[in-house]
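Have a look at the structure below before the remarks.
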Amino acid sequence: MQNEDNQIIFLKNDEGQEQQFELICTLDLEEREYVILADPDSDDAIAMRIEGEGETAELIPVDDDEEFAEVAAAYDAISPEELGYTE
């Protein structure tokens, strides 16, 4: 797990409009790498798989329910302190 200090990522939605997300953390699971992104305008967060490396890396939505459950469980196991949150 790697905490990402308030990095902002812009993704295009289905209509081609850019939407802003905050990069919360990256996770390594079973030889795959994932990012957890938070929508700053809501309490929603999304998980995406990183495919490729460097300049050619792509973020792929995690659509498989089983894969999503594994990523969500790994994220839920991280303490707020590990993510850099303090009370």
For region 64-87, what are the residues that are outside any loop (DSSP other than H, G, I, E, B) and either open to solvent by 80 Å² or more (accessible area, probe 1.4 Å) or touching a residue at least 24 places away in the same chain (Cβ under 8 Å) (or both)? D65, E66, F68, E70, V71, A72, A74, Y75, D76
Residue count for region 39-63, restricted to those that are modelled with pLDDT of 90 or more, open to solvent by 20 Å² or more (accessible area, probe 1.4 Å), among the aliphatic types (A, V, I, L, M) and touching a Leu at 6+ places or on another chain (Cβ under 9 Å): 3
Is it true that some residue in region 18-30 is touching a Ser or Thr at 6+ places or on another chain (Cβ under 6 Å) and either assigned to a strand (DSSP E or B) or open to solvent by 50 Å² or more (accessible area, probe 1.4 Å) (or both)? no
What's the number of the condition N6 fails, among (1) at negative phi; (2) part of a strand (DSSP E or B)? (1)
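The values are calculated or read from the model by the stated rules, or taken from the named source; none is laboratory data. Quantities reported herein were computed from a predicted structural model and do not represent experimental measurements. Ideal geometry is used to build each Cβ from the backbone, glycine not excepted, and the neighbour counts take in all protein chains shown. When the accessible area is computed, the model is the full protein with side chains, heavy atoms only, and any ligands, DNA or RNA have been set aside. Shrake-Rupley method; radii C 1.70, N 1.55, O 1.52, S 1.80 Å.
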